[in-house]
Amino acid sequence: MLTQPHGSASILVALMLAASAAVATAQGVAFVSSEKDHAISVVDLKAQALLGSVATCKRPRHMQLSVDGKQLWVACSESNQADMIDVATRKSARRISLGEDPEVFDLSIDGKTLYVSQEDDATLIFVDAANGKTLKSIEVGKEPEGVKTSVDGKTVYVTSEVANMVHVVDVASATLLKNIKVGKRPRRFAMTPDGKQLWVTNELDASVSIIDTGSRAVVGTLQFEIKGARAADITPVGIVMSRDGTRAFVGLGRANHVAFVDVAQRKVTHTVLVGKRAWGLALDHAEKTLLVVNGLSDDLSFVDVAQAKATKTIKVGRVPHSVVIVE
Amino acid sequence: MKLIALLLALAAWPAEAATFKLSLLLPMDDPRLERGRLERAAVGQPGGSAADGLKAGLAEGRFELDAAGHKFELEVLEIGNAAAAKAAALEAERAGAAVIVADLPAPWLLAAADATKLPLLNIGAAADSLRQSDCRRNLWHVLPSERMRSDALAQYLAARRWQQVLLLTGPNDVERAATAQASIRRHGLKLVASRPFKLSADPRDREFANPLLLTQGSYDVVWVVDSDGEFAVGLPYRAALPRPVVGDAGLVAVAWSPRFERFGAPQLSRRFAKAAARPMAPYDWAAWMAGKLVVAAAVAPGVQSPAALAQGLSSSQVDGSKGVSLSLRPWDGQLRQPMLLSDGIAVVATAPQEGVLHPKDALDTLGADAPEKLCKARL
């Protein structure tokens with residue numbers, strides 16, 4: 001899942017830096033974490049080709065850009081670390097510890113704190129981005145996964161795959177405010193830009209639960225269907241929204257498709273065939289191209305959004321997990 | 001009958017909280033848990049007390065139970081015979097239990113099931129008869145049946161086109177061997193020979209005891225049926241031909257393997273290993289799953305009484321960390337589930353095999369399907 005970084009002026013600077021450092025033909029790159037290679041594949045967006053890879057810590061999974069856009073944070077589940085990769089040089093700048101078996105994380109608005117789900121300990125921890133110190137630890141349901149900071153930064157949401165819940169965590173007091181029951185095996189989040197709706201994918205219910213962040217209640221459920229596929233084979237995980245919040249894109253896992261969703265109507269408009277176990281997603285800045293990570297076919301699909309069609313698929317590392325675009 | 005432990009699971013906050021009682025019946029002096037067998041640790045054999053898995057499954061329900069305002073009280077009883085099983089079931093019903101979870105041999109299980117109206121979750125007996133001729137309306141099976149295991153294996157052999165099967169059967173496994181033969185037939189495999197084996201060093205028995213003599217002939221695989229395991233674990237690499245062994249050694253169809261890498265399985269295996277200080281065996285998964293099933297039934301909307309919980313059990317949809325939602329088949333009470341094929345080192349494949357088709361649910365290609373109408377009590 002890709003989160004839009006906060007603060008657009010600083011991003012511009014970062015983008016320019018990134019562009020100037022990249023090879024001449026590249027207008028942008030995508031970073032794809034590869035769980036079994038302990039590396040991040042770097043993909044040239046224009047050429048739609050693999051440029052190379054960046055070595056990182058063990059079992060890299062979720063990635064996010066830093067608030068200033070200059071660094072790529074990578075959570076490594078096996079080495080219990082976060083790697084901070086300099087986007088311009090594409091080298092590891094520093095590493096901090098990140099609890100035990102970190103999987104997915106989000107940043108505080110000021111970028112000083114990482115909120116990290118700890119699969120094994122069943123906790124959400126607050127980590128000081130400067131030194132890797134665990135500041136707070138909150139017990140949540142087993143196998144926590146998706147983490148999302150609210151638009152005002154005061155609340156953090158985390159899913160528990162086992163408890164089938166979204167936990168609402170108050171940042172100031174580091175306590176649980178509410179547990180919202182959603183569908184089975186909730187995985188990842190997307191937030192509407194106004195911060196009013198939180199969408200969460202339910203892997204074993206072939207659905208997305210839509211949470212009203214004001215009332216902290218589920219106000220809708222979007223069910224996915226693919227012609228010729230049974231509900232059991234539709235396992236949504238990755239989700240990303242367009243910047244204006246009108247469209248959502250959901251990776252349907254074993255169904256090997258991505259669904260395009262009209263957010264206001266809560267309706268699927270298109271489904272696009274991609275590779276095996278489509279999970280991680282990212283939209284380019286123009287929102288013309290959607291990148292889809294196919295975890296079980298070790299490749300990355302380029303989807304033309306206007307045509308709703310996969311145009312190219314390229315090989316990346318072994319068991320790719322997440323994708324982040326830097327333009 | 002011996003009362004071992006009373007576990008108070010997990011506090012809840014609302015005042016109108018319901019407390020559900022759960023009884024776990026275990027066999028006294030369980031021969032499957034004798035030291036020699038535990039040390040042999042054959043794939044597919046129990047690794048320890050079923051209480052470990054059940055407690056883990058209940059503990060995982062904490063947040064959901066809190067939200068619903070419920071808690072569970074678990075009573076663990078060791079049973080010495082069928083009469084004691086019957087008495088324990090009666091006592092559980094009298095004490096207001098919602099569900100009985102049983103890791104008992106088939107005859108004791110039936111004695112308990114016949115003594116009560118309470119639902120029984122079977123986590124220890126794989127016999128097909130319990131799902132067919134001896135089925136009961138209140139008996140539900142979390143552990144996969146023998147037929148599910150042999151169907152899973154046969155699907156794999158068919159997919160690999162390892163079609164010529166040599167079957168070796170132990171002295172106490174006539175029923176299981178018949179199940180294996182039925183799976184072999186159903187999947188279009190060919191039984192080239194079926195031979196009994198025995199554990200013996202007597203030269204006069206060598207025809208039945210010597211792996212080299214037992215495996216003469218021509219075949220693609222040796223399928224060994226040996227619920228004890230001592231003969232089976234010594235069979236791979238000792239056959240006359242360089243052919244794989246499947247069944248109760250070599251490649252084994254199991255409900256769970258601690259080596260399973262997908263669908264969050266490593267997290268579950270790690271949690272269990274942390275709590276129980278041993279790897280999660282297939283029987284542990286079934287016990288854990290029983291806990292998940294009762295929690296799912298308890299947190300369903302509007303469930304306040306043990307009777308409502310019991311009723312809801314049959315429609316529970318649960319996540320067993322095997323990648324799909326699992327539910328109980330109405331026609332024989334069996335939990336439908338994917339099977340893992342493992343040699344104890346890796347999970348080699350899962351069943352249903354990719355490409356295996358079924359009009360409703362591919363999981364129903366494993367075990368008895370509805371149109372067979374094998375459980376009359378549930379028709």
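Number of residues in the stretch B:317-367 that are within 12 Å of chain A (Cβ to nearest Cβ), of a type in the set (Val, Ile, Thr) and in contact with a strand residue (DSSP E or B) (Cβ under 8 Å, 6 or more places away or on another chain) equals 1. Do any strands (runs of 3 or more DSSP E) entirely within the stretch A:25-106 hold 3 or more residues that are of a type in the set (A, V, I, L, M, F, W, C), and if so, which? Because the criterion is at least 3 residues that are of a type in the set (A, V, I, L, M, F, W, C), the strands (runs of 3 or more DSSP E) in the stretch A:25-106 that meet it are A:29-34, A:39-44, A:49-55, A:71-76, A:81-86. Mind listing whichever residues of the stretch B:341-364 are in a loop (DSSP other than H, G, I, E, B) and either surrounded by 12 or more Cβ atoms within 10 Å (Cβ to Cβ) or of a type in the set (Asp, Glu) (or both)? Residues satisfying the conditions are B:Asp343, B:Gly344, B:Ala346, B:Pro352, B:Gln353, B:Glu354, B:Val356, B:His358, B:Asp361. In the set (1) touching a strand residue (DSSP E or B) at 6+ places or on another chain (Cβ under 6 Å); (2) farther than 21 Å from A:Val218 by Cβ, A:Ala88 fails one condition alone, (1). Put simply, of A:Val171, A:Val240 the only residue that is buried (at least 20 other Cβ atoms within 10 Å of the Cβ) and either out of contact with any Asp or Glu (no Cβ under 6 Å at 6 or more places or on another chain) or within 25 Å of B:Ala297 (Cα to Cα) (or both) is A:Val240. Screening A:His167 with (1) within 14 Å of chain B (Cβ to nearest Cβ); (2) touching a Phe, Trp or Tyr at 6+ places or on another chain (Cβ under 6 Å); (3) at pLDDT 95 or above gives one miss only, at (2).
One residue stands out among those in the stretch B:294-326 that are surrounded by fewer than 18 Cβ atoms within 10 Å (Cβ to Cβ) and among the hydroxyl-bearing types (Ser, Thr, Tyr): the one that is nearest to A:Thr235 (Cα to Cα), which is B:Ser315.
Table: residues versus (1) buried (at least 21 other Cβ atoms within 10 Å of the Cβ); (2) basic (Lys, Arg); (3) in contact with an Asp or Glu (Cβ under 8 Å, 6 or more places away or on another chain); (4) over 21 Å from A:Ala282 (Cα atoms).
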{"site": "A:Leu50", "(1), (2), (3), (4)": "no, no, yes, no"}
{"site": "A:Ser53", "(1), (2), (3), (4)": "no, no, yes, no"}
{"site": "A:Met63", "(1), (2), (3), (4)": "yes, no, no, no"}
{"site": "A:Gly69", "(1), (2), (3), (4)": "yes, no, no, no"}
{"site": "A:Met84", "(1), (2), (3), (4)": "no, no, no, no"}
{"site": "A:Leu98", "(1), (2), (3), (4)": "yes, no, no, yes"}
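Among the residues making up the stretch B:233-245, those that are under 19 Å from B:Ser200 (Cβ atoms) and modelled with pLDDT of 95 or more are B:Leu235, B:Arg238, B:Ala239, B:Ala240.
Only one entry of B:Glu175, B:Glu230 meets the criterion of being in contact (Cβ under 8 Å) with a residue 40 or more places away in the chain and under 25 Å from B:Glu39 (Cβ atoms), and that entry is B:Glu230. Within the stretch B:154-172, the set of residues being at pLDDT 95 or above, within 23 Å of B:Ala127 (Cα to Cα) and of a type outside the set (S, T, N, Q) comprises B:Ala154, B:Tyr156, B:Leu157, B:Val165, B:Leu166, B:Leu167, B:Leu168, B:Gly170. Of the strands (runs of 3 or more DSSP E) lying entirely inside the stretch A:203-264, those carrying at least 3 residues that are in contact with a strand residue (DSSP E or B) (Cβ under 7 Å, 6 or more places away or on another chain) and aliphatic (A, V, I, L, M) are A:207-212, A:217-223, A:239-241, A:257-262. Checking the structure you have, find out if any residue of the stretch A:215-227 is of a type outside the set (Gly, Ala, Ser) and under 21 Å from A:Ile40 (Cβ atoms). Scanning the stretch A:215-227, I find no residue that is of a type outside the set (Gly, Ala, Ser) and under 21 Å from A:Ile40 (Cβ atoms), so the answer is no. Find the residue count for the stretch A:112-145, including only residues that are within 12 Å of chain B (Cβ to nearest Cβ) and touching a Gly at 6+ places or on another chain (Cβ under 6 Å). The number of residues fulfilling the criteria is 2. Scan the stretch A:174-193 for residues that are within 16 Å of A:Val219 (Cα to Cα) and either of a type in the set (Gly, Ala, Ser) or more than 14 Å from chain B (Cβ to nearest Cβ) (or both) and the total you get is 5.
Filtering the stretch A:283-296 to residues that are touching a residue at least 12 places away in the same chain (Cβ under 8 Å), surrounded by fewer than 17 Cβ atoms within 10 Å (Cβ to Cβ) and on the phi < 0 side of the Ramachandran plot leaves A:His285, A:Lys288, A:Leu296.
In summary, helices (runs of 4 or more DSSP H) completely within the stretch B:37-148 and bearing 1 or more residues that are surrounded by fewer than 24 Cβ atoms within 10 Å (Cβ to Cβ) and within 14 Å of chain A (Cβ to nearest Cβ) occur at B:50-59, B:62-68. The set of residues in the stretch A:247-266 being farther than 18 Å from A:Val303 by Cα, touching a residue at least 12 places away in the same chain (Cβ under 8 Å) and surrounded by fewer than 19 Cβ atoms within 10 Å (Cβ to Cβ) consists of A:Ala264, A:Arg266.
Exactly one residue out of B:Leu110, B:Leu191, B:Leu118 is in the same structural domain as B:Met289 (by TED's automatic domain parsing) and touching a helix residue (DSSP H, G or I) at 6+ places or on another chain (Cβ under 6 Å), and it is B:Leu118.
The values are calculated or read from the model by the stated rules, or taken from the named source; none is laboratory data. Since the model is a prediction, treat every value here as computed from it, not as a measurement. FYI the Cβ positions are ideal-geometry reconstructions off the backbone, even for glycines, and counts take in every protein chain you see.
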